[in-house]
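Report on one structure; see the data block that follows.
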Amino acid sequence: MHNVAIDFCGCGQGNQKHIVQLQRSRLYPATVVSPKSAATFEALEMFEMLSYESKVSAFEFYHTQSRLTDNTGMNTPNVS
């Protein structure tokens, strides 16, 4: 998990919604209104397979990803 600055395209297709631009970049927004966080499609596919095989919950997957990013527990990711 990490922060990424994104500049949405305003060229040519200015009426294109931010969520559409994110999805075309293979990012799935957490919300459709003013998205501030997103997951990659690869992370969602991994969660899908883990939930089928090991019955891992979304809570457990999130915290595992958080610990893989920083296992010290000192820099927990912001949830927004």
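Quick look at the numbers
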| quantity | calculated |
| --- | --- |
| Dipole magnitude of the stretch 7-59 about its Cα centre (Cβ charges: Lys, Arg +1; Asp, Glu -1), debye to nearest 20 | 220 debye |
| Among Tyr52, Tyr28, Tyr62, residue whose mean-square fluctuation peaks in a GNM of the chain (springs only between Cα atoms under 10 Å) | Tyr52 |
| Amide H contacts of Ala38 (H built 1.01 Å from N, under 5 Å, at least 5 apart or other chain) | Ala30 |
| Principal-axis tilt of helix 41-54 within the chain, Cα atoms, nearest 10 degrees | 30 degrees |
| In degrees, nearest ten, helix 58-69 long axis to first principal axis of the chain (Cα) | 90 degrees |
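Any read-out appearing in this document is the output of simple, stated calculations on the displayed coordinates, not a laboratory observation. Because the structure is a prediction, the values reported are computed rather than measured. As a convention, Cβ positions derive from the backbone with ideal geometry for all residues, glycine included, and neighbour counts pool all protein chains shown.
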